[in-house]
Amino acid sequence: MNRFTGKTVLVSGAGSGLGRAIALAFAAEGASVVAAGRTAASLDETVGLIEADGGTAVAVTADVTDSVLLQDLVRESVSRFGGLDIAVNNAGIFRGAVPVGEVSEEDWDAVLRTNVTGVWLAMKHEIAHMKENGGGVIVNISSNLGAHLRIPNTAAYITSKAAVSALTRAAALDHIHQGIRINAVSPGASAAPMSLRPGETEAGRAERMKSENPLGRVAKAEEVAAAVLYLASPGAGSVVGTDLVVDSGSSA
């Protein structure tokens, strides 16, 4: 399929994991992709993979906690490809697998600043462009941990992702009348580095999932990407303010 031919798609956190899979999936369906993130080398790898498959992409370094850099990122996307049709706000971090009372102020601030404020700042600048240029689509990457599922020793992350889910719904209602359609995808454990426990191998994770996960395995990164592409596609034109859970039944 070529659902996104002629579209410009901005993906943050595109240097690895789910962000890379999302960027590759959009490019495979004809989009021009702006791969954004903090590490130039990993972004270049993503762009190289896209170009090797015949796609179009450019790497732009940016930090989602910096409003000026995010504003520049949107401007660069428009400058490179003539517009910004779709934005996927995927950048996020996890810190401090400890009980609430032992979370450091530094870790708490870092997680909330990146995972919540970073999404808000990104949307702020994306929306500013889209509302002046005929609308667009935004998909935020949240998590099944937060609004849908809680586990011990993940308080900062759970709080941040529950906030992303709520922020997505609020933004969707605020801006749909401007032609900007906003939704979220909430992955569970997936084939990405963040789902590995400290010191755990992929084989160890696969064994753990046999008992922890109703499906018996982690979601493939491509399966999460497919959910993002659906929400961004014309086929989801009436889907507004949805938080689509892709977690193999973990929060069912």
Just to be sure I understand the rule: take each whole DSSP H helix in the chain, project its Cα atoms onto its long axis, keep it if the span is 20 Å or more and its mean Kyte-Doolittle hydropathy is at least 0.5. Which ones pass?
155-175
Roughly how many debye, to the nearest 20, is the charge dipole of the chain about its Cα centre, given +1 on each Lys and Arg Cβ, -1 on each Asp and Glu Cβ, and no other charges?
520 debye
Along the charge dipole of region 8-246, which of Ser211, Gly179, Val33 sits closest to the positive end, that is, farthest toward it, with unit charges on the beta carbon of Lys, Arg, Asp and Glu (+1, +1, -1, -1)?
Ser211
Test of understanding: express the Cα radius of gyration of the chain as a ratio to 2.2 N^0.38 Å, with N the residue count.
0.96
Estimated 222 nm signal from helices in the chain, with DSSP H stretches of n ≥ 4 weighted -39500 (n - 2.57), rounded to 500:
-13500 deg cm²/dmol
Near Gly83, within a Cβ-to-Cβ distance under 14 Å, what is the net charge of the other residues, with Lys and Arg +1 and Asp and Glu -1?
0
So what is the relative contact order for region 8-246, in percent, with contacts set as C-alpha pairs under 8 Å and at least six apart?
19 percent
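Every number in this text was worked out from the coordinates using simple rules, so none of it is lab data. Everything numeric in this text was worked out from a predicted model, so none of it was measured. Counting neighbours? That spans all protein chains shown, and the Cβs are built from the backbone with ideal geometry, glycine included.
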